[in-house]
Number of protein chains: 2
Amino acid sequence: MSLLVIGSVAFDAIDTPFGSTGKIIGGAASYISLATSMLSKNVGLVAVVGEDFDFDFVENLKTRGVDTQGLQVKKGEKSFFWHGKYHMDMNSRDTITTELNVLGDFDPIIPADWKNPEYVMLGNLSPDVQLTTLERIESRPKLVVMDTMNFWMDIALDTLHKVIAKVDVLTINDEEARQLSGEYSLVKAARKIREMGPKYLIIKKGEHGALLFGENEDIFFCPALPLEEVFDPTGAGDTFAGGFIGYLASVGKTDFESMKKAIVYGSAMASYCVEKFGTERLQELTEDMLNERLAKFDRLMRLNA
Amino acid sequence: MSLLVIGSVAFDAIDTPFGSTGKIIGGAASYISLATSMLSKNVGLVAVVGEDFDFDFVENLKTRGVDTQGLQVKKGEKSFFWHGKYHMDMNSRDTITTELNVLGDFDPIIPADWKNPEYVMLGNLSPDVQLTTLERIESRPKLVVMDTMNFWMDIALDTLHKVIAKVDVLTINDEEARQLSGEYSLVKAARKIREMGPKYLIIKKGEHGALLFGENEDIFFCPALPLEEVFDPTGAGDTFAGGFIGYLASVGKTDFESMKKAIVYGSAMASYCVEKFGTERLQELTEDMLNERLAKFDRLMRLNA
């Protein structure tokens, strides 16, 4: 089924205790597109880059079947750039530089072919742009999934609430769920956030897994795969979201039981993402590798052999 | 099958953001005995208390079928006392008072009836006492489970290593696993700790669940049940350990697959423990309540409906 992805396509520079990168491909929609393209063959990307972007990556996405008609290239302008540094525990990070560049006045133009997508993934981005995107879609999609972060809660809470009210699934981390709801208990936080609009809430807990909250107080928990090393956590949440909606689009479903499987797909892909810098590991990912890791999740989670 | 429990039986005083207790029943072996007695009908307790202890609790344990022959009562002496204060997040706590009292020179005397137990639970206690206990057992038990904490790693690491080398299952939390192994990655930590002796390692992550590591790099993850409120976390780890070994003793098994179920039993019991102060909630626990929560864990974890 058709899946529209919107979010940043950008440059990152990443410092970790294991090493540093120069400018490499980053951005929520880069990770999401790579992940969804493994699962769903009808993916359209809406994003904006500058003239300085690495267009080999765009060709790569095309080879993977991603429709890049909606990727605007701004002449004479520069791509969004983020430079971050991870601490020793790899869980916390500092932003060293953020250059908004083309993202500062991003007007999401949706190609005619993509005005009626069945699935929509609103990657982490200004809630204004997320809202405009939804307004420009002509028929209600089967499923809208939204990712966001604390930054938008701090500076654009009103607009954020407007977007949240229109989506089916919201994905945020545990601290963000607490901030958005004002509740410390994640059970109470989930109840309050679901009252804001989304029928489903996914709380991402990084190395501690993810919780899916649905109707009738239904809860499903998916662990993170215990790994030898986390090399670079950048993009893990985006990859998770991409695997999640990519799986659902591939099976054409939107029910709680399918979302459980979708979360395992997202977690399996995210477990690869963190093994190398940036999108490198995701670009190497094959179907066999994905299946191998899905089997590991099954062993990790299965109570009855 | 016969199950010997050793650990502290003591008084606690607990301050939380929700309120404070006076002196109430505490101690690892109190929680463990209450938990195991729900599952296994052949439990023997080895511990020491002072004359000041609340002997109604001992009668209560007897009613539940716990054999208290091995509970020494020291005339003219006082029971171990711990006073702790939890912070707002309920995850961290400060010790306000520790009075060792009778625990200072505890000589664990094992009644003749209990010198050949099939299962042994070494609750958190000085590794010297844990070691003496094992030396006084006449035949190798089917399974020895040991719980310990960072305090003993700080002050008695050599003896701790001697005990660890003799046990089948070690249960510690994630920070303690990192401290004991010198590895940040829990996968690497588990490998190193298993090389110290125990065939199985359980890493307790509190609200983030528990990991079981076994042979051939086998890993199983059990989530914690997301709760509305955590009222008092005291004794949750002991209750978990008690539920774990109590289940195994009740089915007479010691294999990895059975341990997976045992961890769910331990987690279900611990999820009740934290709902009220001290042992209060565990004392109310019925088989129906336990089954209800086991069903909740099943829904939380089950991928295929």
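Miscellaneous remarks
- Residue A:269 assigned to a helix (DSSP H, G or I), more than 12 Å from chain B (Cβ to nearest Cβ), touching a residue at least 60 places away in the same chain (Cβ under 8 Å) and not charged (D, E, K, R): yes
- Looking across the range A:153-181, the residues that are assigned to a helix (DSSP H, G or I), crowded, with 17+ Cβ neighbours inside 10 Å and hydrophobic (A, V, I, L, M, F, W, C) come down to A:160, A:163, A:164, A:177, A:180.
- Residue check, residue A:244 surrounded by fewer than 20 Cβ atoms within 10 Å (Cβ to Cβ), more than 8 Å from chain B (Cβ to nearest Cβ), touching a strand residue (DSSP E or B) at 6+ places or on another chain (Cβ under 8 Å) and at pLDDT 95 or above: no
- Residues satisfying the stated conditions in the range B:182-223, i.e. in a loop (DSSP other than H, G, I, E, B), facing chain A (nearest Cβ under 8 Å) and of a type in the set (A, V, I, L, M, F, W, C): none
- Those residues of the range A:86-128 which are more than 23 Å from residue A:139 (Cβ to Cβ) and of a type in the set (Phe, Trp, Tyr), in sequence order: A:86, A:106
- Exclusive hit being small (Gly, Ala, Ser), part of a loop (DSSP other than H, G, I, E, B) and surrounded by 19 or more Cβ atoms within 10 Å (Cβ to Cβ), set B:8, B:33: B:8
- For residue A:41, the requirement of being assigned to a loop (DSSP other than H, G, I, E, B) and surrounded by fewer than 17 Cβ atoms within 10 Å (Cβ to Cβ) is met.
- Count - residues of the range A:89-101 that are over 20 Å from the mean Cα position of the chain (by Cα) and more than 30 Å from residue A:227 (Cα to Cα): 2
- Odd one out for residue A:55, checked against (1) surrounded by fewer than 18 Cβ atoms within 10 Å (Cβ to Cβ); (2) within 22 Å of residue A:232 (Cα to Cα): (2)
- Scanning the range B:197-241 for residues that are touching a strand residue (DSSP E or B) at 6+ places or on another chain (Cβ under 6 Å) and of a type in the set (A, V, I, L, M) turns up B:201, B:202, B:203, B:210, B:211, B:212, B:219, B:241.
- Applying the criterion of being among the hydrophobic types (A, V, I, L, M, F, W, C) and facing another protein chain (nearest Cβ under 8 Å) to the residues of the range A:287-305, the residue that is surrounded by the fewest Cβ atoms within 10 Å (Cβ to Cβ) is A:305.
- Condition met for residue B:257 (within 14 Å of another protein chain (Cβ to nearest Cβ) and at pLDDT below 95): no
- Residues located in the range A:135-152, provided they are in a helix (DSSP H, G or I) and under 17 Å from the mean Cα position of the chain (by Cα): A:150, A:151, A:152
- Among the conditions (1) of a type in the set (Asp, Glu); (2) within 11 Å of chain A (Cβ to nearest Cβ); (3) under 19 Å from residue B:147 (Cβ atoms), the only one that residue B:238 does not satisfy is (2).
The values are calculated or read from the model by the stated rules, or taken from the named source; none is laboratory data. Please read these numbers as outputs of a predicted model, since none were measured by experiment. Please note: Cβ atoms are built from the backbone with ideal geometry, for glycine as well, and neighbour counts cover all protein chains shown.
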